[in-house]
1. Between A:Gly135, A:Gly114, A:Gly127, A:Gly103, which is within 14 Å of chain B (Cβ to nearest Cβ) and over 22 Å from the mean Cα position of the chain (by Cα)?
2. Go through B:Pro263, B:Pro250, B:Pro294 for me and flag whichever is under 21 Å from the mean Cα position of the chain (by Cα), under 23 Å from B:Gln54 (Cα atoms), loosely packed, with under 15 Cβ neighbours inside 10 Å and not acidic (Asp, Glu).
3. Scan segment B:35-49 for residues that are outside any loop (DSSP other than H, G, I, E, B) and within 7 Å of another protein chain (Cβ to nearest Cβ) and jot them down.
4. Taking the condition open to solvent by less than 60 Å² (accessible area, probe 1.4 Å), hydrophobic (A, V, I, L, M, F, W, C), part of a strand (DSSP E or B) and closer than 24 Å to B:Ser224 by Cα, does B:Phe103 pass?
5. Restricting attention to segment A:113-146, which residues are open to solvent by 50 Å² or more (accessible area, probe 1.4 Å), farther than 28 Å from A:Ser58 by Cβ and not in a loop (DSSP other than H, G, I, E, B)?
6. Considering only segment A:210-230, state which residues are facing another protein chain (nearest Cβ under 7 Å), of a type in the set (Gly, Ala, Ser) and in contact (Cβ under 8 Å) with a residue 40 or more places away in the chain.
7. Out of the residues in segment B:50-69 that are open to solvent by 40 Å² or more (accessible area, probe 1.4 Å) and not small (Gly, Ala, Ser), state the one that is nearest to the other protein chains (Cβ to nearest Cβ).
8. Considering only segment A:210-308, give the helices (runs of 4 or more DSSP H) lying wholly within it that have at least 2 residues that are at pLDDT 85 or above and surrounded by 14 or more Cβ atoms within 10 Å (Cβ to Cβ).
Amino acid sequence: MDIDLITNILYAMIRTGTPLLIVALGELVCEKSGVLNLGQEGMMLMGAVIGFIVTLVSGSLLLGFLLAMVAGVLMSLIFGLITMELSANQVATGLALTIFGTGLSAFIGSDFVGKPIDGLDPIFISGLTDLPIIGRMFFGQDLVVYLSFILFGAVYWFINHSRPGLILKAVGENPHAANAIGLPVFKTRYLAIMFGGAMAGLAGGYLSLAYTPLWAENMTAGRGWIALALVVFASWKAERVLLGAWLFGLASILHLVFQGLGFSVSPNLLAILPYLATVVVLVILSSNQTRSRLVAPMSLGNPFYAKG
Amino acid sequence: MKRRQFNKLVTGLAAGVCLTALSSLSVQAADPLKVGFVYVGPIGDHGWSYQHDQGRKSVEAEFGDKVKTTYVENVAEGADAQRVIYNLAKTGHKLIFTTSFGFMNPTLKVAKQFPDVVFEHATGYKMAKNVGTYISTTFEGRYVAGYVASQVTKSNKIGYIASFPIPEVIRDINAVQLALNKYNPEAELKVIWVNSWFDPGKEADAANAMMDQGVDVILQHTDSPAAMQAADRRGKYAVGQASDMSSFGPNAHLLSVVDEWGPHYINTVNSVMNGTWKPKANVEGMKEGAIVIPSFNDSIPADVVSHAKELIAGIKDGSVYPFAGPIKNKAGELVVPEGSSLSYEDLEKMNWYVEGIQSDIPK
């Protein structure tokens, strides 16, 4: 393998990992507040279709990305209203949101299949992009990838070093105790859900506006589910979410690169590796109950009823 | 009830039934033929199901109000398919097309219950009194694409994004390699399996991975135009699959191998209307207008385009056949001797690579 090839692999790794990273960061914040939203796939698809249509009609990528995020937020609010106001089961509601988003995006987008747009171009930073190996990886990407670096830093700081982050975690660990000392449980959870929706919308928009600038039904092809698994895989830690997303990106790129180089490894085997790793980690985590209690937000998936 | 009254009633009823029967007969003559279509994917995939739906639309355009078409999309292969097909038959559809391999057994089961309904199943091999099959020979188009690729490549590296290692896909890869063997033996075919019919992101990743390794022409047996876009961005060439993908890469688009189901659907509707329909295995290709190459990129040298057109003409008149011997397998053993060729039945079971392909078929 020469230097160019390694440079290209690392570049593609970040690019492939970016949509996963963005969704997973949103879901991380959401789950930290004790809410499990399985509707990522549906919210991503809505973001993808709205972002694409807006950009196609208006010609503005910025507007496309913004409205993709708005679409994600609106979808997440449906989830929020049903699980918070009506105290519905979060798992069932999340699944319903995915099915709803898949169908609705297909319906809205049916007239926009087969229409191309000019996608987001990479931005090169003179001097830095030409660095060997890491140049293109960190400085030859498009704006959303750079944004994902910033988002990671912001989420990391927010969860680990900020007071609102502490409130978020308190609400996720024990909403009743948080409520008792006067923390706004509902507001915190709503904001967390909306952040998750915005990130899913952004990631969906990234797929339809930058990664593959086109709209096709179900174009997310399961990335929302992978992101959900990543959050568990990362045991609810932002830095591990970053690592996991990029590792997943690397795994999915390598299995294509190796085939091109003529290695005779079964692509089926390589294709299941990321999923296999996720399952193994899940089994290990759940085998030790106290361990899994330590990492998962204590009241994840439980509805909160305000008493009194 | 008195006997006379009863007789009256019976007569009245009988007359009523006769009248109804008569009127329904006369109405039937003017009634449109109801035609049902069952799709495995969404019609918005811009690929397989999309092209079938284009075929349905051409039936509507051809027959106007003499037909009434219905389609059901996103039908899972298996028990759900049987329910969908049953419902179509039950609601008066007299001709039903089921357009995916996995609909084969459900189609046959429902066909048994509705002997007066005509069924046609795409890409399968089982038939019945009222069930025919149809499939198109995409390898003809791929052979022409392989020839054009062999002439325009500068790096002598050609990429192929493949979905699943089933005979249909292996057959088409072989058709491309046979074209390379004949027209540019120096060219190398790199095959990447993505284990999906439709994942735009992954198809683009595969295209980029190949271009990183020096590939400058990309062919695909997956359904999204993502690879076409990726090639266009990097100034390379690509060949479209199933539908015309020229709008996704005006510079990259060498040609598209398009499935035109319309002619077959129109013929079938005609024969059902005339009462001449008979169950048979329809294998249709360029000759029947089922496989079409609508356009060639302006940047392809004129002599290459004209030779490609000669190939198409040859395939149509039968003088060119991609799988005519001599053909050697990957190990160099002569499998098809000079003078004989692989039949369509052989191709349906193809599970080996021809000489020249470096990688192995995944197990």
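1. Working: A:Gly135 fails: within 14 Å of chain B (Cβ to nearest Cβ); A:Gly127 fails: within 14 Å of chain B (Cβ to nearest Cβ); A:Gly103 fails: over 22 Å from the mean Cα position of the chain (by Cα).
The match here is A:Gly114.
2. Details: B:Pro263 fails: loosely packed, with under 15 Cβ neighbours inside 10 Å; B:Pro250 fails: under 21 Å from the mean Cα position of the chain (by Cα).
Checking each option against the conditions leaves just B:Pro294.
3. First, pick out the residues of segment B:35-49 that are outside any loop (DSSP other than H, G, I, E, B): B:35-38, B:43-45, B:48-49.
B:Gly44, B:Asp45 - these are the residues of segment B:35-49 that are outside any loop (DSSP other than H, G, I, E, B) and within 7 Å of another protein chain (Cβ to nearest Cβ).
4. Details: open to solvent by less than 60 Å² (accessible area, probe 1.4 Å): yes; hydrophobic (A, V, I, L, M, F, W, C): yes; part of a strand (DSSP E or B): no; closer than 24 Å to B:Ser224 by Cα: yes.
Taking the combined requirement at face value, the residue does not satisfy it.
5. A:Ile134, A:Arg136, A:Phe138, A:Phe139 - these are the residues of segment A:113-146 that are open to solvent by 50 Å² or more (accessible area, probe 1.4 Å), farther than 28 Å from A:Ser58 by Cβ and not in a loop (DSSP other than H, G, I, E, B).
6. A:Ala216
7. B:Tyr50
8. Details: elements: A:223-233, A:238-261, A:267-287, A:289-295.
Once the helices (runs of 4 or more DSSP H) in segment A:210-308 are filtered for at least 2 residues that are at pLDDT 85 or above and surrounded by 14 or more Cβ atoms within 10 Å (Cβ to Cβ), what remains is A:223-233, A:238-261.
The values are calculated or read from the model by the stated rules, or taken from the named source; none is laboratory data. Please read all numbers here as calculations on a predicted model, not as lab measurements. Every residue, glycine as well, gets a Cβ built from its backbone with ideal geometry; the counts of neighbours run over all protein chains shown. To get the accessible areas, we keep the full protein, side chains included, count just its heavy atoms, and leave off ligands, DNA and RNA. Shrake-Rupley method; radii C 1.70, N 1.55, O 1.52, S 1.80 Å.
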